[in-house]
Each structure stands twice: as structure tokens, then as C-alpha cells.
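Notes to accompany the following structure.
Computed from the coordinates by the stated procedures, all read-outs in this text should not be read as laboratory data. Every value quoted in this text rests on a predicted model; they were computed, and no experiment measured them. Neighbour counts run over all protein chains shown; Cβ positions are idealised from the backbone, glycine included.
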Amino acid sequence: MDRRDAFLHLGPSRLGTELVGELLDDRRGALAAAGVRRAGTPDAAFRAAVELARDHRAWGFRRAEVEGAWAGVCRESRRHRRSTRAVVVSERLLAGLTRPQVDLLLDQLVGFRAHVVLTVTAPEPHCHAGDPATDLVDVLDRWAPAVGDPARVHVLVVPRGPRPVARDGVRAAFGAVVGADPAARATRSGLRPEHGPLGAPAAAASAAGGEEEHARLTGLALTWIGALATSGHDVHGDLADLLPGASVRLPGVLVGGA
């Protein structure tokens, strides 16, 4: 039997994780009709991430409460291989796994072709350069080589604006990535010369931290944009939405696939 696809959604943004979770719940039937199934429950994915990170004590678990959780998710995925062409695992704690832990995770996905899906917004105050759980570049440095094919790393930039706008953008892009909605037309990566109002997280960060914090987050965002622009990854959305600025101009920045 041909190998099936396994889409590992890692977050890391909080909003993106929430929106993908809502999608997997609200459109369960439509996804199943397209041959796409969520692997395990959200709790199972959470326990699996805690197990893989060997972080059970920090989360208040006994080892026995998480041991074998990832193997269980993989077994369930294989059990449904005949009726599905793809499975989805969504858990933002996976983003922070070390490279050996990533390799261990992938080793157990026997019979599946692994994809990584990242939903990203403008950096929030808890994001820091070099943080394995929140720095997009750091996450990509560990996960992309493990997956191998740059085209199987999918980055979905959450559209800036009201939640319905962000939700619709994520749903269209996610559907295009997993092939669950052939009619979806997600916008491929690009940069608009000018951009409108700040999204809520970035605006809050700028207001709370002042100019110094705004400069830090802008610098981090520019690092992310530069990395994505030359990565060869499958990037969806407008990279300007990663900038925590009320109005931006980025002349001379070229984005692959635009």
C-alpha cells in the first residue's frame, strides 16, 4: 500500500493553534470525506508531546500516565490507513522538541510520509530569539532537516485582522496543504508594499513594551521573514503580517513563490 501523509501541526503561535483546533473539530466530517483524519484526541497528542519531551514531572504527570502515548497515536493512525490518505496531529508543545526527540517521533511514523505544518503570527512578547518553542527559525532548524524535503514544511501565516479573517485564511491555507478542500484558494507567500492596522497581539505588545520591545519584536520578525524568503518551504499568506508595525515598507525583499 502507498505511504500515507502525516501532517504534524506544531503551532507555534497560540492563535494559529486555536484556529487549527477549531477547524479539526468543526470540519471533521468534511475532512473525513476527503480522506483526512485527526490522529488521536487532543489529550492524546498533548500527553504524547509531554512524553517525547520527557517533561511529565513539570506537567504534574506520573511517567506511567504518559508512557506509550506517542506509540498509541501512531497505532491508531495505522489502524485507519485503509480508509484515510492522511492523518493530522496538532500539538504546539511538539515545536520545542530537541532534534533527537524529533527523530524519535518520526521513527515511529512507519508507513507515513511526514509533513510539518506551522501557523505563525507576528512575534508576541513571550517569543524570544533562540527559544526552541517560540522562535520560528529555531523550530525550523530542528524540524526541517529531520523531515528532509523543504516542500514538506508548510508555513501558514495567519492573516492580520479580526478573528473571522484570521480563521478563514487559516482554513483555506490548511485545506490547501492537506488537500481537504480542493476549492480553497490560499494566498501564496508575498509582501504587500504597505500594510494596514496592527493585529491585536502585536498591537498589545507594542503598547505594553514601548519602543524597545517593539524594536525587539520587529527584529525577530525580520529574521523570520528573511529565513522564510530563502527556505524553499511551502509558505502561504502575506509575510508582512509577521511584522508588528502599523505600516511597513520593505523594498527589495524578494519572497520565493510570490
Inter-site label distance for His128 and Arg62 at 7 Å from Cα along Cβ, in nm: 3.5 nm
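Under a point-charge model restricted to the Cβ atoms of Lys and Arg (+1) and Asp and Glu (-1), what is the dipole moment magnitude of the range 95-165 relative to its Cα centre, in debye to the nearest 20?
Working: 6 positive and 8 negative charges, 63 e Å.
The calculated dipole for the range 95-165 is roughly 300 debye.
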Whole-number D in µm² s⁻¹ for the range 34-84, Kirkwood Cα-pair radius fed into Stokes-Einstein, 37 °C, 0.692 mPa s: 285 µm²/s
For the range 4-242, the Rg and Dmax computed from alpha carbons only, in angstrom: 17.5, 55
